[in-house]
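The values are calculated or read from the model by the stated rules, or taken from the named source; none is laboratory data. What you are looking at is a predicted structure, and each value in this text was computed from that prediction instead of being measured. Ideal geometry is used to build each Cβ from the backbone, glycine not excepted, and the neighbour counts take in all protein chains shown. Only protein heavy atoms, including side chains, enter the accessible area calculation; ligands, DNA and RNA are left aside. Shrake-Rupley method; radii C 1.70, N 1.55, O 1.52, S 1.80 Å.
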Amino acid sequence: MAKLLPVDEFDLIIFGGTGDLAMRKLLPALYHRDRDGQITGDSRIIAVGRTALARDAYLKNAKASLQANLSNGDFVDKQWRKFSDRIEYV
């Protein structure tokens, strides 16, 4: 297995944050990187979309998408809480 190196803190902006690519591919990949300790410190993931959503509503959709698109056993509530703290929606 490849060794994952932690990266410096960053802000990542995802345009189309409510779209299929973000929900099915990008967020699950970022969730795995966060779970494996590669995303560090106060790094933020800022999802941008045209749909007017409160942050809580976006997180609810993101959580449902992760649960549907991750392999069995990959979704862990404790890890989700840590990961979701990084996510903002605009």
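At-a-glance table
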{"quantity": "Candidate set: region 36-51, residues that are closer than 18 Å to residue 13 by Cβ and not β-branched (Val, Ile, Thr); chosen: the one most open to solvent (accessible area, probe 1.4 Å)", "calculated": "50"}
{"quantity": "Odd one out for residue 17, checked against (1) over 24 Å from residue 5 (Cβ atoms); (2) part of a loop (DSSP other than H, G, I, E, B); (3) out of contact with any strand residue (DSSP E or B) (no Cβ under 8 Å at 6 or more places or on another chain); (4) open to solvent by less than 20 Å² (accessible area, probe 1.4 Å)", "calculated": "(3)"}
{"quantity": "Test: residue 68 is assigned to a helix (DSSP H, G or I) and crowded, with 16+ Cβ neighbours inside 10 Å", "calculated": "no"}
{"quantity": "Leading residue by the ranking (farthest from residue 85 (Cα to Cα)) among those in region 52-64 that are surrounded by 12 or more Cβ atoms within 10 Å (Cβ to Cβ) and of a type outside the set (S, T, N, Q)", "calculated": "53"}
